[in-house]
Structures are given as structure tokens and as C-alpha cells.
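Asks: The following block contains the structure, expressed as C-alpha cells.
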Amino acid sequence: MTDSHDDPSQTPSTPSTPPTPVAPPADRASLRDGLRFAFGTLTVLPARITRWDRPAARTGMACAPLAGLVVGLLAALPGVLLLLLGGGPLLAAAVTVAVPAALTRGLHLDGLADTADGLGSAKPADAALRIMKQSDIGPFGVVTLLLVLLIQVAALSNAYADGWSRGALAAVVAAVTARLAMTLASRAGVPAARPGGLGAAVAGVVPREAAAGLAAAAVLLAALTALPLGLPAAGRQAAAVVAALLAAELLLRRCVRRFDGVTGDVFGAVAEVSATTALVVLALG
């Protein structure tokens, strides 16, 4: 980024030379590059990736919750409209769940299925990673997908049954938390399971302090956005984010032990497990 300062010593008669743009240092990426990376890799929304390197990945994964915010808002919109038009909570929930799948081309769900197949294979890490790279989905993946989608729709339906605002907030919180879980999964110290792919590009790029700060901010913002609905709702939303991140952390650690690191599939699985956990907690009470 370029810093510009006004020189108070200049007068109207003094010619001024436009400042020369300064490129970001090689070990840093601009916020714009980071946003392009986040939206370009985590959504199908139009975003031309301008840099594909570790600094861009660092900024991009730190911006991942912002991509989740946009996905959540776009998911909540048709759900709320259907509910207000008399479509009922179940239909609103089903459409709300379908939108993030469409906005990611189902990549996160595919990652969840592949990770379930790899974890369920009971084979060594190399063999499990080969299973995860196959184009087909095994029985573990199919069952996991069905259960996760069923739970998401059921939980969201319960939230929508209590009003459109609670359902919309649940959709947004789940989407943001899912991408925040991916940010935490890309923190320093988490290794990549193999040299290629998105997992290797983003593994270990986010400083631990930044990841922890983003998590704390998300919990606080989740509580603040629900305050108009009352203190119990605010506490429930904060608890949903915490529970979702804990569930994602447990899965992440299991995958690191099982596969000797993370892959793009693991990131997708972490996102879906986090979103599902958040929706379940928000459906309670």
C-alpha cells in the first residue's frame, strides 16, 4: 500500500510531483490481493486472483470470514423471503443450506465426504490420501454428507420457526464461523499433508496471534449482533461460535495425526463441521 502525506510547506505556486506508487514488500500482500484470494478460492463469486503466493494466502485466509459473511447474507436472503411469503421454515431452511453449496460449487461438501472416506479407511496416511484424491465418494462419505445436510436443514428449520431474524442470523453466523475455522486451520504450525493443492498453499500461513484475535473478535461480534433479540440470544450466538470452533479444532487435530497434515479436503471438512455445530447450538433454547 502507498502512504500519501500532504506537505504543508507547498504553496499554490509550487509545482508538485505525483507520488510514485510503492509496491507492497515481497513478504506482504495488499488487502485487495487478500480479498481476491479469499473470494477467488472459497467462493464462485467473481474475483480475479492477482497473486498466488504465501503472502497473498496469509492475507486471504485472514479475510476468509469476510467471504463467509457475504455467503451467509446471500444464503439468508432467499430463506427469509420464502418464509415471509408463507413457504414455511423447512423450505426456507433447505434453500438456505443449498445456497452456500452452490456458491462454493459444493467443494466444501466434497471435502467433507473425501475426508470422511480417508478417516474411515483405517489405512496408512499415504493410502488414505490416495483415497481422498479419487473422484468417487465411498460409503463413509455418502453417509456423512447425508447426515450433515439433514442436520443443517433441521437445525435451520428450527431457527426459522422462531422467526425470520433468528433464522437469518443463524445462517450468517454459521457461514462466517465456517470460514473462520478455515482461518484457524491455516495458522502457523499446522503442516500440509502433501506438497500440492490448496492445502499446501495455505497451511501455516496465518500467524497464531492473528488467528486468535480473529476468533475472539468473531465471538464478540456474534454476541453483539444478537443483542437486539435479548441477552439469552446473544449468549447463545457466542456459545455457538465457540462450540463450532472447538469441534473444528478436534477434527483438525484428528486429521493432522491421521494424514500427517492438512489438505484442501480437510479445510472443506473443517468448514462444514463448524457450520453444522454452530447451527445445532443456535437451534437450541
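Bear in mind that the values in this text are calculations on the coordinates, not laboratory data. In this text the structure is predicted, and so the values were computed from the model without any measurement. Positions of Cβ are generated from backbone atoms using ideal geometry, with glycine treated the same way; all protein chains shown enter the neighbour counts.
Asks: With a point put 7 Å past each Cα toward its Cβ, work out how far LEU73 is from ARG105 in nm, to one decimal.
Replies: 2.5 nm
Asks: What is the Rg over Rh value, at two decimals, for the stretch 64-213, using alpha-carbon atoms and the Kirkwood definition of Rh?
Replies: Values: Rg = 17.2 Å, Rh = 16.7 Å.
Rounded to two decimals, Rg/Rh equals 1.03.
Asks: Here's something else I'd like to know. For the chain, calculate the relative contact order in percent as a whole number, restricting contacts to Cα pairs under 8 Å that are 6 or more residues apart.
Replies: With pairs under 8 Å counted, the relative contact order is 21 percent.
Asks: Given a Förster distance of 22 angstrom, what is the FRET efficiency for ALA217 paired with LEU31, based on the Cβ-Cβ distance and rounded to 0.05? Don't jump to the answer; show the numbers that get you there.
Replies: Details: r = 16 Å, r/R0 = 0.74.
After rounding, the FRET efficiency stands at 0.85.
Asks: Which residue, chosen from ALA193, VAL44, SER30, occupies the Cα position most advanced towards the positive end of the dipole of the chain, where the dipole is computed from +1 (Lys, Arg) and -1 (Asp, Glu) charges on Cβ about the Cα centre?
Replies: Toward the positive end, the furthest listed residue is ALA193.
Asks: Oh, and also: Using a/c under 1.5 as the rounded threshold, could you call the stretch 156-231 rounded, prolate or oblate? The axes a ≥ b ≥ c are square roots of the C-alpha gyration tensor eigenvalues, and prolate needs a/b larger than b/c, oblate otherwise.
Replies: Here the stretch 156-231 falls in the oblate category.
Asks: Where in the chain lies the longest segment free of trypsin sites (Lys or Arg not before Pro) that are both loop residues by DSSP (not H, G, I, E, B) and have at most 14 other Cβ atoms within 10 Å?
Replies: 106-285
Asks: Still on this structure: What number, rounded to the nearest 500 deg cm²/dmol, is the helix-based mean residue ellipticity at 222 nm of the chain, given -39500 (n - 2.57) per DSSP H run of at least four residues and division by all its residues?
Replies: The per-residue figure over the chain is -23500 deg cm²/dmol.
Asks: GLU209 versus ASP162, label points 7 Å from Cα toward the beta carbon: distance in nm?
Replies: The two pseudo-label positions are separated by 3.8 nm.
Asks: For a quick check: with amide H placed at 1.01 Å from N, whose amide H comes under 5 Å from ALA192's, ignoring anything fewer than 5 positions away on the same chain?
Replies: Amide H neighbours of ALA192, under 5 Å, 5+ apart: VAL262.
Asks: Using a simple charge model, +1 on the beta-carbon of Lys and Arg, -1 on the beta-carbon of Asp and Glu, nothing else, what dipole does the chain show about its Cα centre, in debye to the nearest 20?
Replies: On the way: 21 positive and 17 negative charges, 82 e Å.
Approximately 400 debye in magnitude.
Asks: Would you tally the net charge around LEU112, using a Cβ to Cβ cut-off of less than 9 Å, leaving LEU112 out, and scoring K and R as +1, D and E as -1?
Replies: Computed value for this residue: -4.
Asks: Right, another one. Please report, to two decimal places, log10 I(q)/I(0) for the chain at q = 0.10, 0.15 Å⁻¹ as given by the Debye formula with identical point scatterers on the Cα atoms and no solvent.
Replies: -0.54, -1.08
Asks: Sequence-distant or interchain residues sharing an amide H contact under 5 Å with ARG187, placed H: which?
Replies: Here GLY204, VAL206 satisfy the definition.
Asks: State to the nearest 20 debye the size of the charge dipole of the stretch 69-166 about its Cα centre, where the only charges are +1 on K and R beta carbons and -1 on D and E beta carbons.
Replies: Numbers: 5 positive and 6 negative charges, 16 e Å.
With only Lys, Arg, Asp and Glu charged at Cβ, the dipole is about 80 debye.
Asks: Enumerate the helices in the chain for which the Kyte-Doolittle hydropathy averages 1.0 or more and the C-alpha atoms extend at least 18 Å along the helix's axis, using complete DSSP H runs. Write out the running numbers ahead of the final one.
Replies: Numbers: long enough: 64-84 (30 Å, 2.36); 89-103 (22 Å, 2.06); 107-120 (19 Å, 0.23); 139-161 (33 Å, 1.84); 164-185 (32 Å, 1.26); 208-226 (28 Å, 1.49); 231-259 (42 Å, 0.88); 264-283 (29 Å, 1.52).
Helices meeting the span and hydropathy rule in the chain are 64-84, 89-103, 139-161, 164-185, 208-226, 264-283.
Asks: Right, another one. So what is the relative contact order for the stretch 26-128, in percent, with contacts set as C-alpha pairs under 8 Å and at least six apart?
Replies: For the stretch 26-128, the relative contact order is 21 percent.
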